[in-house]
Amino acid sequence: SLFKVVLAAPGYALPREQAQEQLWPEAEPAAAARDLHGALHALRGLLGEAAERVCLEGDMLHLEAPGDLSWLDAAAFESATSSALAGNDLEASRAALALYTGEYLPDDPYEEWALMRREGLHAQHLALLLHLAELFGVRGDLPEAEHHLRLVLAHDPCHEDATAHLMAVLQAAGRRVEALKAYEELSVALARDLGVTPSSDTAALFEQLLATSAAPVAG
C-alpha cells in the first residue's frame, strides 16, 4: 500500500504526513509516523536490490531518479504514448499500445488517491487508440481503423469523436446502415449516461448520411 500511494502521487512524491493520513487515517500522528517507518523498512526488504528507489528524505517520500522510470510499466506506457501521439509513426504507436496492461491498480478501485492517475492513463489509452485509427485510415486500412475505434467505444460509449470517425469509416466502406446505427447507439448512450444529445456536428453528419442513404439510385 505504501508503494502504491507513492506511485499514484504526482511526480512520484508526496509529503510524509499525506502518506500517513492516507494509510493510517485513524492513528495518532506519532503512531502513524512509526507505522510509516515500519512499512518503509518492510517495503525495502521486499524490493531487494531496488530498495533504495523508495526514499524518505526530510518530510518527503519519493521515488529515486524520477527521470528514469522505465522499470515502471505505467511510466513506460506514458512516455511511449507521449512520443507516439506527437508523431505519425504507426509502429511506434502500436508499440506504445502494447505497453498498456489494463486498468491502473485494479485491486484498489475505490481509493481516491489512485483515481486521478487511473483516469489519466485511461485517457491516454483512448487517445492512442484514436491516433492509431487515424493512422490506419490515412493508409486506407479501414478494417484496422474500425477495429481501434470500436475499442474506444467499448471503453466509452459516449465518445463522440470516436463515433463520428467510425461513421466516416463505415461510410467510406459503403456501410451506411451501420454508420447510422453507430449514431443511434451514441444517442442512446449519451441520453442514458449523461442526459444530453449528440453535438450539432455529429448530428449534421448523421443527417448527411441519412439523406445519402435515402437518395434514389440512378438507373
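For the reader, a short list of remarks on this structure follows.
- Helix 73-85 and the longest principal axis of the C-alpha atoms of the chain enclose an angle of approximately 40°.
- Rg/Rh, computed from the Cα trace of region 9-145 with Rh as the Kirkwood radius, has the value 1.10.
- Remark: spin-label model distance residue 200-residue 17 equals 5.1 nm, labels positioned 7 Å along the Cα→Cβ axis.
- Our coupling estimate for region 181-190, obtained by passing each phi through the Karplus curve with A = 6.51, B = -1.76, C = 1.60 and θ = phi - 60°, is 5, 4, 5, 4, 5, 5, 4, 5, 5, 5 Hz, Gly and Pro reported as x.
- Rolling a 1.4 Å probe over the heavy atoms of the protein chains gives the chain an accessible area of 57 Å² per residue.
- Accessible area per residue (1.4 Å probe, heavy atoms of protein chains only) ranks 167, 60 as 60, 167, with the largest value leading.
- Counting protein heavy atoms only, region 142-219 has 57 percent of its accessible area on carbon and sulfur, 1.4 angstrom probe.
- Stretching the chain fully between residue 116 and residue 160 yields a gain of 13.6 nm (0.36 nm per residue, less the alpha carbon separation).
- Extension gain for the segment residue 79 to residue 51, taken as residue separation times 0.36 nm less the Cα-Cα distance, is 7.7 nm to one decimal.
- Per-residue SASA remark: residue 197, around 110 Å² accessible (1.4 Å probe; ligands, DNA and RNA not included).
- Ranking 50, 40, 24 by Cα position along the charge dipole of region 13-56, where only Lys, Arg, Asp and Glu carry charges on their C-beta atoms, puts 50 farthest toward the positive end.
- Amide H within-cut-off set for residue 61, under 5 Å, with H built and near neighbours excluded: 14, 16
- Gain in span if fully extended, residue 71 to residue 26, counting 0.36 nm per residue against the direct Cα distance: 12.8 nm
- Kirkwood radius and radius of gyration were both taken over the C-alpha atoms of region 125-219, and their ratio Rg/Rh is 0.99.
- Average Cα contact separation per residue, region 104-219, under 8 Å, 6 or more apart, as relative contact order %: 16 percent
The values are calculated or read from the model by the stated rules, or taken from the named source; none is laboratory data. Because the structure is predicted, anything quoted here is derived from the model rather than measured. Methodologically, a virtual Cβ is constructed for each residue, glycine included, from the backbone with ideal geometry; neighbour enumeration extends over all protein chains shown. We work out accessible area using only protein heavy atoms, side chains counted, and drop any ligands, DNA or RNA first. Shrake-Rupley method; radii C 1.70, N 1.55, O 1.52, S 1.80 Å.
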